[in-house]
1. Every residue in segment 249-291 that is among the acidic types (Asp, Glu) and either over 26 Å from residue 302 (Cβ atoms) or crowded, with 19+ Cβ neighbours inside 10 Å (or both), please.
2. Take the residues in segment 170-203 that are part of a loop (DSSP other than H, G, I, E, B) and of a type in the set (S, T, N, Q), then tell me which one is modelled with the highest pLDDT.
3. How many of the residues making up segment 391-444 are in a loop (DSSP other than H, G, I, E, B) and modelled with pLDDT of 95 or more?
4. Out of segment 65-85, which residues are charged (D, E, K, R), in contact with a Ser or Thr (Cβ under 8 Å, 6 or more places away or on another chain) and buried (at least 21 other Cβ atoms within 10 Å of the Cβ)?
5. Considering every residue within segment 257-264, establish whether at least one is in a strand (DSSP E or B) and either among the small types (Gly, Ala, Ser) or under 23 Å from the mean Cα position of the chain (by Cα) (or both).
6. Between a residue in segment 368-380 that is free of Cβ contacts under 8 Å to residues at least 12 places away in the same chain and any residue that is not in a loop (DSSP other than H, G, I, E, B), which pairs come within a Cβ distance under 9 Å, given they are 6 or more apart or on different chains?
7. Quick check on this structure: which one of 338, 302, 370, 353 is assigned to a strand (DSSP E or B), among the hydroxyl-bearing types (Ser, Thr, Tyr) and surrounded by fewer than 14 Cβ atoms within 10 Å (Cβ to Cβ)?
8. Starting from residues that are out of contact with any Gly (no Cβ under 9 Å at 6 or more places or on another chain) and not in a strand (DSSP E or B), keep the ones in segment 47-65 and report whichever is modelled with the lowest pLDDT.
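The values are calculated or read from the model by the stated rules, or taken from the named source; none is laboratory data. All figures in this text were calculated on a predicted structure; none of them were measured in a lab. Because the Cβ atoms are built from the backbone with ideal geometry, glycine has one as well, and the counts that use them run over all protein chains shown.
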Amino acid sequence: MNRFLKKIVHTTTFGIISVFTTVYPTHNVSRYFPFLERSEDYVIKQRSHLTPSFFIVDTATAFRRGGGTGGVPELWGNYDLNDVITSLETVYPNTPDPRVTVCGNNSLVGKSIRFHVHGKAMGAGVGLNYEQNLHLWGFQLGASLPLMTLKTTNRFDFDRPDSASIFQESNLFQQSNGNANLADRMARRQELTVDQIRRLTHQLIGFSGNTWSATGFGDLDAHLRWNKNFDHALLTKSIDLDLQMGVLMPTGRTSDVGYPCSLPFGSNGHWGLYTDFLTEIELKQDWNLGFLFGYAHLFPHTFNFRIPVGNEPAIFSTLIGRVKNHPGDTFKISPYFTLANLTDGLHFQLRYTYLRHNEDSWDDERSDKTIQSYLEKGGNLIAAKKSLSKWSCHYLTFELQYDTAVAIKHVTLSPVLFIGYDMPVNGNGFAKTHQLSMGAELHF
């Protein structure tokens, strides 16, 4: 009878995976979403497990390069409307200048008009995490794939202090002569004018809007792990060693060139390989210290994207064409400490994660290069754009687990309930994404 029930559990498990394929996401190669690994997915103690879970992600700001806080779209560079219009005129030279169309004269032509671009993204997902112990020389198999729904928005705010001089030099507005009310009305009128120019420019470029929503999968992660446990070794209660190698398959939702606010769910179409090494040391009863080291490599991928012709951020460029992206490598260091059985079955884990992604490089793969992109022009601009693609981040993760098998003997599937919070504490060129996840490990 027990063998029959076990067979039912295995059949149901693989059926869920093959039909729904909604497995919990891992292995970060994105500067927008953390999707950090849990140590329990590596140290499975010779048991297979299935983990139904739910997660929420939220981001509204980003860590600027060099320090400070900025908007998520500004990870692609600062927005100057003059640069964006230059891109429009380069690709469509017969298009009327939006500044002249709105103002009726050329007083703003060639002037720097800067905006702060704020972005917000909120998403939620459900999933399963599956790890299968092969009972063969310490090897285990696993797979993961997120299913998520996401909504993003962009908002543009005129950078008045940085662009105020453009109106002092133009004849658009009368001087306020110290009249505070008149100056305030003039300021509001100026902001409406430049925003009207911006909206007309975006319309001429062909952007579809400042709000985007999508539901889809992330990247499929299939991996093989080797595990070895040493009991009472080197003055410790036990040492667990895990070496994992995996393949990242580009099943994830990619960004949409029609929406500058769109975000990829994973590697944006790249295949990848990764290697993780984890060692967990049980210092004494209920005290576990662990170290996770990881490396991920994404292979080059050619796809349609917006290509800057000059200083404009890529996502706001008018030029669309085939580009080949060579991603930089990603490195990970994640130490953690677990206090087990604070009360019967209740564990607490504190984990720190440092992620670093090196510079990407790009090739212009268009067959017709009559319109030159920044990649064809060369110069310092290529190095400046490459520097925008590197990022790093620091996360703290707080997780509570409740092992029902400790308090309730002979419970079916020995579920371990958990709730975790991933908090960004610092970074460079990375979105400040917060993530809350909860679920249950079911062992068999």
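1. First, pick out the residues of segment 249-291 that are among the acidic types (Asp, Glu): 256, 276, 280, 282, 286.
Selection gives 276, 280, 282, 286.
2. At the first step, the residues of segment 170-203 found to be part of a loop (DSSP other than H, G, I, E, B) are 170-179.
When the remaining residues are screened for being of a type in the set (S, T, N, Q), the result is 170-171, 174-177, 179.
Numbers: 170: 51, 171: 48, 174: 47, 175: 51, 176: 49, 177: 52, 179: 57.
Checked segment 170-203; the qualifying residue modelled with the highest pLDDT is 179.
3. Within segment 391-444, residues that are in a loop (DSSP other than H, G, I, E, B) and modelled with pLDDT of 95 or more number 3.
4. Initially, segment 65-85 is screened for residues charged (D, E, K, R), giving 65, 74, 80, 83.
Checking the rest, the ones that are also in contact with a Ser or Thr (Cβ under 8 Å, 6 or more places away or on another chain) come to 65, 80.
80 - this is the single residue of segment 65-85 that is charged (D, E, K, R), in contact with a Ser or Thr (Cβ under 8 Å, 6 or more places away or on another chain) and buried (at least 21 other Cβ atoms within 10 Å of the Cβ).
5. Quick first cut of segment 257-264, residues in a strand (DSSP E or B) only: none.
No, because not a single residue in segment 257-264 is in a strand (DSSP E or B) and either among the small types (Gly, Ala, Ser) or under 23 Å from the mean Cα position of the chain (by Cα) (or both).
6. Going by the 9 Å Cβ cut-off, the qualifying pairs are 368/321; 369/321; 369/376.
7. Working: 338 fails: surrounded by fewer than 14 Cβ atoms within 10 Å (Cβ to Cβ); 370 fails: assigned to a strand (DSSP E or B); 353 fails: surrounded by fewer than 14 Cβ atoms within 10 Å (Cβ to Cβ).
Exactly one of 338, 302, 370, 353 is assigned to a strand (DSSP E or B), among the hydroxyl-bearing types (Ser, Thr, Tyr) and surrounded by fewer than 14 Cβ atoms within 10 Å (Cβ to Cβ), namely 302.
8. Filtering segment 47-65 for residues out of contact with any Gly (no Cβ under 9 Å at 6 or more places or on another chain) gives 47-50.
Checking the rest, the ones that are also not in a strand (DSSP E or B) come to 47-48.
Values: 47: 85, 48: 90.
Within segment 47-65, the match that is modelled with the lowest pLDDT is 47.
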